[in-house]
C-alpha cells in the first residue's frame, strides 16, 4: 500500500498493490497494519457503507460535528470526483478543498480524516462508492457544507446542475458552517 499526501497533507491518496494478468486482477482492499503504517497512527474503523448513484449525482459535502468521522473512500464501479474540505479552524489549510478522481479502474482510495467535509460527484454513467468510517452515522449531528460555495473554490467537472438531495441544496456556506477547533 502506498500513501501519498495531497495538497492538504493530512488527506492521503492510498494506492493498493494490484496484481493482474490475463485472468483479471487481485488486490488487498484493506489491511489494518499497512493502513496504520501508511497514515502513521492506529485508525479504527467501525462501519462500512456502500452507495450506488447515477451520473451527475452529487452527494455532499457532509460531516458530523459530534461523532466526527474519518473516512477511507473508494469506487468499486464507475468514476467519481471526490472532494474533501478542511473544516479545522486551527489548520493552516482551513477552508481549502482537495479533489481526486477515484475510479474502479485506477483503484485509488482517499483517506479523509476527522475534521473534513466530504462529498463526490458521479462522472460515469453510474458509480458504486464504498467507504469505511471511524465513527457511527449519527444523523442528528450531520451537517452539510454548501457544495457550490464560491469561498471553497471547488472546480466541479460539471456542465449544468447536479442531481442533489434537499439537504445538500440547503447546505451552509463556509462562513455560516459549524466547524472544528
Note on the stretch 162-181: residues over 14 Å from residue 85 (Cα atoms) and either surrounded by 10 or more Cβ atoms within 10 Å (Cβ to Cβ) or touching a residue at least 24 places away in the same chain (Cβ under 8 Å) (or both) are 162, 163, 164, 165, 167, 168, 169, 170, 176, 181
As an exercise: evaluate residue 104 against (1) closer than 15 Å to residue 145 by Cα; (2) surrounded by fewer than 18 Cβ atoms within 10 Å (Cβ to Cβ); (3) free of Cβ contacts under 8 Å to residues at least 60 places away in the same chain and give the number of the one condition it does not meet. (1)
Consider the stretch 3-34. How many of its residues are under 21 Å from the mean Cα position of the chain (by Cα), in a strand (DSSP E or B) and modelled with pLDDT under 90? 1
Of the conditions (1) surrounded by 23 or more Cβ atoms within 10 Å (Cβ to Cβ); (2) under 14 Å from residue 119 (Cβ atoms), the single one that residue 72 does not satisfy is (2)
In this structure, is residue 50 surrounded by fewer than 17 Cβ atoms within 10 Å (Cβ to Cβ) and more than 27 Å from residue 180 (Cα to Cα)? no
Do you know which of the residues in the stretch 75-88 that are under 23 Å from residue 139 (Cα atoms) and out of contact with any helix residue (DSSP H, G or I) (no Cβ under 7 Å at 6 or more places or on another chain) is surrounded by the fewest Cβ atoms within 10 Å (Cβ to Cβ)? 88
Among the residues of the stretch 124-153 satisfying the criterion of being touching a strand residue (DSSP E or B) at 6+ places or on another chain (Cβ under 6 Å) and either free of Cβ contacts under 8 Å to residues at least 40 places away in the same chain or closer than 26 Å to residue 38 by Cβ (or both), which is surrounded by the fewest Cβ atoms within 10 Å (Cβ to Cβ)? 136
Out of the stretch 2-27, which residues are over 24 Å from residue 99 (Cα atoms) and out of contact with any strand residue (DSSP E or B) (no Cβ under 6 Å at 6 or more places or on another chain)? 20, 21, 22, 23, 24
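The values are calculated or read from the model by the stated rules, or taken from the named source; none is laboratory data. These figures come from a predicted structure and were not determined experimentally. Counting neighbours? That spans all protein chains shown, and the Cβs are built from the backbone with ideal geometry, glycine included.
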